[in-house]
Amino acid sequence: MPRAPWRPATRNPVDADCVINAAGFSRRMGQWKMMLPVGHGTLLDASIRNALASCRQIILVIGESGQELISRYSDRPEITTTINPAAETGLFSSTQCGLKLVKHAYAFITHGDMPCLSPEIYQTIWQARGDYALLPCFEGRNGHPVLLPKEMAQRMSAVPPEGSAKNWLLQNRHRLLPLDIPSILLDIDNTEQ
């Protein structure tokens, strides 16, 4: 039986969950991008596969329109799917929705449209962890995945979702991690990417 397209070939999980936001509306793309074909699966499968190679649990945050994802991943014990009923209010509320379910010592945060975040990127960021939010950056621009300790994830999940998650992180204890890896910035927002 062939391996599911979202399942990594090997796993080396660290003590972290990964919140993957897939509740967006794909307005710039013009079509819902999470199920676009990539390799032997979908865009979201690739993002989940890469994160799952290094994380114990995936917390997949979807919007009301993401019912298809519930059936696709519902019987997978490594993937918890949760619906953000306020997805239209923006990304911060989806991030908070996922952070409320974090069980392990740390939480990565990323987006479902970032299939180029390799397991090695997760491991590199993990090695620099601490009692602060860790924001990888390339040429001065913040990227993903972000890593934060569970205590900070709990605090972030409880504040009013005003502004952006990035602004909240930058206003709290954080460190920037310069990486010479441009793919930490690459999300798929249009058909040319």
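Here are some notes:
- Within the same chain, aspartates and glutamates fewer than 8 places from Lys33 are excluded, and of the rest, those with a Cα less than 17 Å from its Cα are Asp45, Glu64, Glu68, Glu88, Asp113, Asp187, Asp189, Glu192.
- Taking GluC sites (Glu not before Pro) in DSSP loop conformation with at most 12 other Cβ atoms inside 10 Å as exposed sites, the chain has its longest uninterrupted site-free stretch at 1-138.
- Note on the chain: percent of Cα-Cα distances in each 5 Å bin, starting at 0 and stopping at the bin with the largest distance, equals 1, 8, 17, 22, 23, 17, 9, 2, 0, 0.
- Taking 4.7 Å between C-beta atoms as the pairing limit, the chain has these partnerless cysteines: Cys97, Cys116, Cys137.
- Added length on full extension, which subtracts the Cα-Cα distance from 0.36 nm per residue, His40 to Gln171: 43.1 nm
- Within straight-line cross-link reach of Lys103, lysines at Cα separation under 28 Å, skipping those fewer than 8 residues along the same chain: Lys150, Lys166
- Contact order relative to length of the range 90-193, as percent, for alpha carbon pairs under 8 angstrom and 6 or more apart: 38
- DSSP-defined antiparallel bridges as percent of all bridges, the range 70-193, nearest 5: 60
Here, each number is a calculation from the coordinates, and none is a lab measurement. The shown structure was predicted, so the numbers you read here are calculated from the model rather than taken from an experiment. Every residue, glycine as well, gets a Cβ built from its backbone with ideal geometry; the counts of neighbours run over all protein chains shown.
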